[in-house]
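A.B. asks: Below is a structure I'd like to ask you about.
The values are calculated or read from the model by the stated rules, or taken from the named source; none is laboratory data. A quick note: this is a predicted structure, and the numbers were derived from the prediction, not measured. Ideal geometry is used to build each Cβ from the backbone, glycine not excepted, and the neighbour counts take in all protein chains shown.
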Amino acid sequence: MKEAILKTLFTKIAGEDPEVKKLFKKSGSGRQYYRLNSKRLSVIGCMNSNVDENEAFFHLSGVFNKAGLNVPEVLAIDESRQYYLQTDLGDNMLYDSVVNRNNLYLDDYLLNQYKKVLSALVDFQTTDQHLLDTRKFYPVPVFNRQSIEWDLNYFKYYFLKLHDIPFNERKLQTDFDAFIGQLLNDEMHYFMFRDFQSRNILLKNDEPWFIDFQGGRKGPLAYDVASLLYQAKVNLQEEDRAQLLNYYLSELETKTDIDKARFMGYYYPNALLRTLQVLGAYGFRGLFQRKSHFITSIALALKNLKSIIPSLSALNHVPELAGCLNKLVEYIPDYENKTPEKFKLVIQSFSFLSGGVPPDTSGHGGGYVFDCRMLPNPGREPRYATLNGRDEAVKNYMQQFDEVDAYIKNAVDITSKHINTYLDKEFNYLSMSFGCTGGQHRSVYCAEQAAAKIKELFPGITIEVKHLMQKVTYVC
């Protein structure tokens, strides 16, 4: 249904039917993206049931395109306002280039790209206010007390409490209120991108293009630049941060009156707020949802926190918050030693007669159970009675039947699609279990064949094979 609506939109603007491929983006958004292409045109299709968020994107895309900023153009919108097509800017993220650099420091190419990005940020921030309809901003029109409280509570409940850091709830709330008051004293009339980081910057013909700005609102100058320069996974060095911040300020001076000393008074508090919001997200996605990418990023976010703390003289006035932050940076060595968990597929054979479907012992739940009792059964013949599905005679028997190959192929196809999705979403576990009457012939054969085929398709994953009735376990 979703793809059909997007196809119809494409046909209306291109006059031909497209091929459609679902795209997986590692983010917390509920939006679903597709690439639709024909011989003459390639576009990105989006499905998002949140119409208010879509309307914000439509409005801001129109404003920024008219202002000459590098953002995707909205090409077609379904009458439901839940489906739309936009310009295809490719898949080359600035993030990929910078995290895969060969040196801790940015080379000339990456420094130049970051400078282009910061110049564009100034253009976004100083967009003519008369062009912006704040009634269409989502979820709030301005970066207000509620917005900041959401971020601080995200940090408190999904990171601070998950680390069992002791604190006085009343005193911490008093400190949060004081910190919010300081942030709200800043000027809030600039456009604030809100999630200005390298994953939302695509490089097309060596020029930066910007996506995912639908959460934009009015806000301070410092938040977006701090978001970019303190992006944890990117791990910018202090010298590069300082150089890029100075470049940003010089660009800002060409577009608006700016008191540098006043700006710096708000820069580090905003960097702290962004870092706490990021830690909350890492806690939720990593420690709670167990996504390994987020867990392995925690050390870098804590290092950012440690580097910001000395520049925050205001922490002297929020002692409960300061105490919590100082305790958190002590966890840096623990997270530095964590290595990403590789994706693991567990393939099991079992007997429906003896024990039944094996229980989940991983704590992850889910997975597939395939019933092999419909297949030809070598167990009915005495010559195979003492053998199992790993023996050549049984394998030769099973290979006679086309329906066995088709059965295994179907099981592998559906599981492979699941694996692709899980790899993109950075989940790290899936199971598939094959059962037959005795757990000796058909289920063992199918499990062995499925393991071999999936290993060819996904050589980088860990596959653990368990034949429960034979008490055999191995990794391939």
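A.B. asks: Exactly one of these conditions fails for Pro166: (1) part of a helix (DSSP H, G or I); (2) free of Cβ contacts under 8 Å to residues at least 24 places away in the same chain. Give me its number.
C.D. replies: Among (1) part of a helix (DSSP H, G or I); (2) free of Cβ contacts under 8 Å to residues at least 24 places away in the same chain, Pro166 violates only (1).
A.B. asks: Based on this model, can you work out whether Ile408 counts as in contact with a strand residue (DSSP E or B) (Cβ under 8 Å, 6 or more places away or on another chain) and either closer than 30 Å to Lys471 by Cα or of a type in the set (D, E, K, R) (or both)?
C.D. replies: no
A.B. asks: Any residue in the stretch 413-441 that is within 12 Å of Tyr368 (Cβ to Cβ) sitting within a Cβ distance under 8 Å of a residue that is of a type in the set (Lys, Arg)? List the pairs, counting only those 6 or more apart or interchain.
C.D. replies: Once the first residue is within 12 Å of Tyr368 (Cβ to Cβ) and sits in the stretch 413-441, its partners that are of a type in the set (Lys, Arg) give Leu430/Lys344; Phe434/Arg442; Gly435/Arg373.
A.B. asks: Could you check, for the stretch 324-343, whether at least one of its residues is in contact with a Gly (Cβ under 9 Å, 6 or more places away or on another chain) and not in a helix (DSSP H, G or I)?
C.D. replies: yes
A.B. asks: Here's something else I'd like to know. Go through the residues of the stretch 99-115 one by one and say whether even a single one is within 23 Å of Arg285 (Cβ to Cβ) and outside any loop (DSSP other than H, G, I, E, B).
C.D. replies: yes
A.B. asks: Tell me, yes or no, whether the stretch 214-222 has at least one residue that is at negative phi, without any contact (Cβ under 8 Å) to a residue 40 or more places away in the chain and surrounded by fewer than 22 Cβ atoms within 10 Å (Cβ to Cβ).
C.D. replies: No - not one qualifying residue is present in the stretch 214-222.
A.B. asks: Which ones in the stretch 90-146 are out of contact with any Gly (no Cβ under 6 Å at 6 or more places or on another chain), of a type in the set (Phe, Trp, Tyr) and crowded, with 16+ Cβ neighbours inside 10 Å?
C.D. replies: Of everything in the stretch 90-146, those that are out of contact with any Gly (no Cβ under 6 Å at 6 or more places or on another chain), of a type in the set (Phe, Trp, Tyr) and crowded, with 16+ Cβ neighbours inside 10 Å turn out to be Tyr95, Tyr114, Phe124, Phe137, Tyr138.
A.B. asks: Report whether or not Glu79 is free of Cβ contacts under 8 Å to residues at least 24 places away in the same chain and either farther than 23 Å from Arg199 by Cβ or under 19 Å from the mean Cα position of the chain (by Cα) (or both).
C.D. replies: Considered against the rule, which asks whether it is free of Cβ contacts under 8 Å to residues at least 24 places away in the same chain and either farther than 23 Å from Arg199 by Cβ or under 19 Å from the mean Cα position of the chain (by Cα) (or both), Glu79 comes out as yes.
A.B. asks: For the stretch 22-41, give me each residue that is part of a strand (DSSP E or B) and at pLDDT below 90.
C.D. replies: Correct list: Lys22, Leu23.
A.B. asks: Turning to a different aspect of this structure: Please find, within the stretch 379-394, the residue that is surrounded by the most Cβ atoms within 10 Å (Cβ to Cβ) out of those that are in contact with a helix residue (DSSP H, G or I) (Cβ under 9 Å, 6 or more places away or on another chain) and more than 16 Å from Ser349 (Cα to Cα).
C.D. replies: Tyr384
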